[in-house]
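> A single structure is presented below for examination.
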Amino acid sequence: MDVLSAMMRMREGERVFMDETLGIFSTDADALQSPVELRIPSIGIYTGKGASHSWLWAVDTFEKYGLDLIFPFSEKEVNFIPHFEFLFVAGGDTFALADGLGKDGAEKIKKFVKEGGIYLGSCAGAYLVLYTSRAPLNLFNFVPVQIANFERELPPVRAMREKAFNRYACCFIIHPVRDEVLIETSPFPPFFSKEKISAPIFGGPVFKEPEGRGRVLARFSSFTERTVFLFDREIAERVLPGKPAVIEWRMGDGAFYLFGPHLEHPSFKFANSLLLKIIAYNIGKMRKRNSLSDIFFKGVPLKLPDSIRRLVSDMFMKAISIGDMKAFWRIGEKYYMPEHIPVFVRAIHKRMFKKRIFIEKEEMEIIEESLKVSKEILSEISPSTPEEKVEALISSLKDALRIFLRAYFRRGEYGALKLSQVS
Amino acid sequence: MEFWNGRCLLVDLKEHKVEDLEVEGLISSVRGGYDAGNELMKEHSDGEPLVIGTGIYTASFFPSGCMGFVLWKRNGKNFCLPLNWFFPVEFKLTGFDFLVIKHSSPSPVRLWIRDGICDILPAENLMGKDVWETMDFLKDDHGDEKVQALIAGNNSLSQGYWGGFDSNGCGEEFRKKNLKAVCVRGMGSISISEESFKKMLKVPRGKEIELNLSDEMKKLIHRRNACFNCGLNCYPFFMIEDDPKILKESEKKEPGFISLDPVYLKDGNPKVAMEMLRKGSHPEGLKDDEIPSSFLKFAGVEASLVKECLNFGVCPLFFMKVLNGDKSHFNF
């Protein structure tokens, strides 16, 4: 049984075990040499300042495979970090991530990992924790690994100039390719075997070789027909193949897992399997918690009212209809395009028919207010809409989503803490 | 419930109230959509109901699963207007299988249905507008080109811009109720098992049919169109204000038209046909046929077979031409 099937079966309520020496999965513990029972861990997902839309890919993928103890949190809520077992920081604007999380967030993340937590950093979430001298990123100097996609002079750009590079002081972080690439996994835990997997990269890091407490879990291998070259191919061939794409860096009782490609992208199921293997492997190594955090038990069971569903429905239609609009807006170091907006709205739209979610009245009010703000901006959006307005739109959508998804993934209401949720 | 939402929207235009009814039990007890629609007519007979409904395979992978209907009574007689094209599909994907409209509104209104929500909106501003102006307004107001609508025209009910088969008074029923339009946008989905999906893929899909048109009209054809999930491509777009041979989209605002009922073209004058479609004026006026005779002629079938096909939500023309009238294709 592969990890994807294992997770699906666990989602359906079966007991599933992983052999931590061989990396195989079974519902029969006796069939394995060193079985460890899998369970659903708590996963905090950062959605605040600097986070773009790729954290929603992680939500979709985790939900699909039954890892649905998900808690989205913002830069103002770093106090929640100790409640999680895994912390996922996805793509966006690295500087804005650092600015949002700040000193307090940095200290919380460091303590979290040292005490056994697992940090999963994808794209900007990976860049965030690499060593740098630049403030405020230097608050997050946790992983002393450098990047290989760094140039002192900018080569000629062939395509998509706005996505091809980021300035870094007097130099450039270049992104030689976008979309699908092949990566090759290393034949030891957590991946256990050498295989080539396709995964998408959208501006993520190409690492240099880690030393010390670091391991290379996968390397960039080659390109495919779907790979988009933003510079001359020879530059891509120089920068990527053979270089680390996924690395592990241990700190204290925990670890950082950093990926250049988006292993969480829901359209790449074999890339998802790598992410799930990292999680499954580390579940076995974690100290079992006695109870699930009470952040997953709140509110009362309610159906989303028509007023909210109406807002979401009308916004979804509008968001789809502007998907082809020729426009882009620069917010910080990140470029947003009209096609990004339906991603946010769809995340609520496809979940809003759930019969009951555990939610507080105040939370409903926050969702409705945030959606009203979003709808007003969205109804007038055009290529000439100022960046500040688009930023306000994204921000209000994220606010609504954060509160909604927390309620959606809650396990129960007040006082309903169930020990059966943890094995 | 496979193939169905199991829900019926009940709208009381007098009280301006909307209710969401569960109808799984009803659907399970009858042969299909048309029969369920008739049961709803009986159940709500106190309010001079209009029932808009869909069939079992409407919005599914079954080829030509595009059909719906409107039912009503006038002077004690039952009437049925078959609906094809895209409205029934878009309606079913809003989360409802049926819509029952009771009583009349004291002021002009329109219905806006999507994602399990129905709003009764004022329509005073639409009362002077023709069908095409109304459709333009609805698309703009709801911010989506893909909305579908039933619009009360001069003497008939129009499916969006392209008319329809109403020559038996459905548009008149809408006007009596002070109902200008029913506009829908379906963003949901229908539950279909993998087994049913695989069976549906094996149902013959047919191919483009020969059009019964004069040579003059054939010269005006820009492209062929089809109803939802149908391979017969019954509906040419007649380009009359631009060159039919152009490959790109015309820059003219109203370059031509599609006519869902071929009878609009009976006099062979495309400009006149376009004006009738714009105004919502069916060339056969108001007749007393239970099912419009022009639809029976279009599909080439008797009324009883139309009703059977409306149970399944499948086009009767497709059923005869491609499936050779073989009902075993409906067994899932």
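Readers should treat all values here as calculations from the given coordinates under stated rules, not as data from a laboratory. It should be emphasised that the depicted structure is a prediction, and the values quoted were computed from it without experimental measurement. As a convention, Cβ positions derive from the backbone with ideal geometry for all residues, glycine included, and neighbour counts pool all protein chains shown.
> Please check which bits of segment B:259-300 a label hung off B:Glu133 would reach, taking the label as a point 7 Å along Cα-to-C-beta and the cut-off as backbone N under 13 Å.
Inside the label zone: B:278-280.
> Per residue of segment B:35-47, in order, report the coupling 6.51 cos²θ - 1.76 cosθ + 1.60 (Karplus, θ = phi - 60°) as ³J(HN,Hα) in whole Hz, putting x for Gly and Pro.
Coupling constants for segment B:35-47: 5, 5, x, 5, 5, 5, 4, 5, 5, 10, 5, 6, x Hz.
> Still on this structure: With each label point set 7 Å from Cα along the Cα-Cβ vector, what nm distance links B:Lys248 and B:Leu201?
3.9
> Where the Cα atoms of segment B:265-304 are projected onto their three principal axes, how long is each span, largest first, in whole Å?
35, 19, 13
> While we're looking at this one, here's another question. In terms of Cα to Cα distance under 23 Å, which lysines are near enough to B:Lys202, apart from those fewer than 8 places away along the same chain?
Those lysines meeting the cut-off are B:Lys321, B:Lys327.
> Right, something else. Output the direction-averaged projected area (hull surface divided by four) of the convex hull of the alpha-carbon atoms of chain A, in nm².
Hull-based average projected area comes out at 19.7 nm².
> What would the Debye equation give as log₁₀ I(q)/I(0) for segment B:1-57 at q = 0.14, 0.17, 0.21, 0.25 Å⁻¹, counting only Cα atoms as equal point scatterers?
-0.37, -0.54, -0.80, -1.09
> Take the Cα pairs of segment A:23-169, get the Kirkwood Rh, then feed it into Stokes-Einstein at 25 °C and 0.890 mPa s and tell me D in µm²/s.
Approximately 144 µm²/s, per Stokes-Einstein.
> Relative contact order for segment A:294-409: what percent, with Cα pairs under 8 Å and sequence separation of 6 or more?
Computed over segment A:294-409, the figure is 36 percent.
> Now for a different question. Given contacts defined as C-alpha pairs under 8 Å and at least six residues apart, what's the relative contact order of segment A:39-285, whole-number percent?
Rounded, it is 20 percent for segment A:39-285.
> What residues of segment B:284-302 lie in the reach of a label at B:Val272, counting those whose backbone N is under 13 Å from a point 7 Å from the Cα along Cα→Cβ?
Inside the label zone: B:284.
> How large is the translational diffusion coefficient of segment A:294-409 in µm² per second when you combine the Kirkwood radius over alpha carbon pairs with Stokes-Einstein at 25 °C and 0.890 mPa s?
168
> Looking at this model, which pairs from B:Lys146/B:Lys180; B:Lys146/B:Lys218; A:Lys326/B:Lys253; B:Lys139/B:Lys248 are more than 25 angstrom apart at the alpha-carbon?
Among B:Lys146/B:Lys180; B:Lys146/B:Lys218; A:Lys326/B:Lys253; B:Lys139/B:Lys248, the Cα-Cα distance tops 25 Å for B:Lys146/B:Lys218.
> Calculated FRET efficiency, B:Lys287 and A:Arg167, Cβ-Cβ r, R0 45 Å, to nearest 0.05?
0.05
> Further question on the same structure: For the protein assembly as shown, what proportion of DSSP beta bridges, expressed in % and rounded to the nearest 5, is antiparallel?
75
> Here is a further query. Which semi-axes, in whole Å and largest first, does the equivalent ellipsoid of the protein assembly as shown have when worked out from the alpha carbon gyration tensor as the square roots of 5 times its eigenvalues?
Result for the protein assembly as shown: semi-axes of 54, 29, 25 Å.
> For segment A:256-287, list residues with backbone N below 16 Å from a point placed 7 Å from the Cα of A:Ser34 toward its Cβ?
Residues A:280-287 qualify, since their backbone N sits under 16 Å from the label point.
> Over 36 Å, how big is the tail of the calculated P(r) for chain B, in percent of all Cα pairs?
Here the long-distance tail beyond 36 Å is 14 percent of all Cα pairs in chain B.
> Just the number: Rg to Rh for segment B:8-132, Cα atoms, Kirkwood Rh, two decimals.
Dividing the radius of gyration by the Kirkwood radius yields 0.96.
> Could you identify which residue out of A:Glu20, A:Glu153, A:Glu387 has the top mean-square fluctuation in a GNM of chain A using Cα springs shorter than 10 Å?
Checking each option, the largest mean-square fluctuation is seen for A:Glu153.
> Over chain B, what is the relative contact order in whole percent, taking alpha-carbon pairs under 8 Å and six or more residues apart?
22
> Could you list, bin by bin from short to long, the percent of Cα-Cα pairs of segment B:217-332 in 5 Å steps?
Spelled out per bin, shortest first, that is 2, 10, 18, 18, 18, 14, 10, 7, 3, 0.
> Still on this structure, I have one more. Over segment B:174-260, what number does the Rg to Rh ratio reach, with both radii from the alpha-carbon atoms and Rh per Kirkwood?
1.10
> Mean-square fluctuation check for chain A, GNM, Cα pairs under 10 Å: which of A:Ser186, A:Ser267, A:Ser74 is largest?
Answer for the Gaussian network model of chain A: A:Ser267.
> Here's something else I'd like to know. Once you put a point 7 Å from the Cα of A:Glu151 and another 7 Å from the Cα of A:Phe353, both along the Cβ direction, what distance in nm separates them?
It works out to 4.8 nm between the two label points.
> Continuing with this model, one more query. Between B:Leu220 and A:Glu195, with labels modelled 7 Å along Cα→Cβ, what's the label distance in nm to one decimal, could you check?
According to this spin-label approximation, the distance is 6.1 nm.
> Given the options A:Ser52, A:Ser313, A:Ser379, state which has the largest fluctuation in a GNM of chain A using a 10 Å cut-off (strictly under) for Cα springs.
A:Ser379
> From the backbone phi of segment A:226-242, what are the Karplus-calculated ³J(HN,Hα) couplings (6.51 cos²θ - 1.76 cosθ + 1.60, θ = phi - 60°) in whole Hz, Gly and Pro given as x?
In residue order, the calculated couplings are 8, 5, 9, 8, 8, 10, 4, 4, 5, 5, 4, 5, 6, 7, 9, x, x Hz.
> Given a cut-off of 29 Å, what percent of all Cα-Cα pairs of segment A:185-340 lie beyond it?
Result for the distance tail: 43 percent.
> What does the average come to when, for each residue of peptide A:313-321, you count the partner chain Cβ atoms lying within 10 Å of its Cβ?
Mean number of neighbouring Cβ atoms from other chains: 5.
> While we're looking at this one, here's another question. Taking Cα atoms of segment A:39-285, Rg/Rh with Kirkwood Rh, to two decimals?
My calculation of the ratio gives 0.94.
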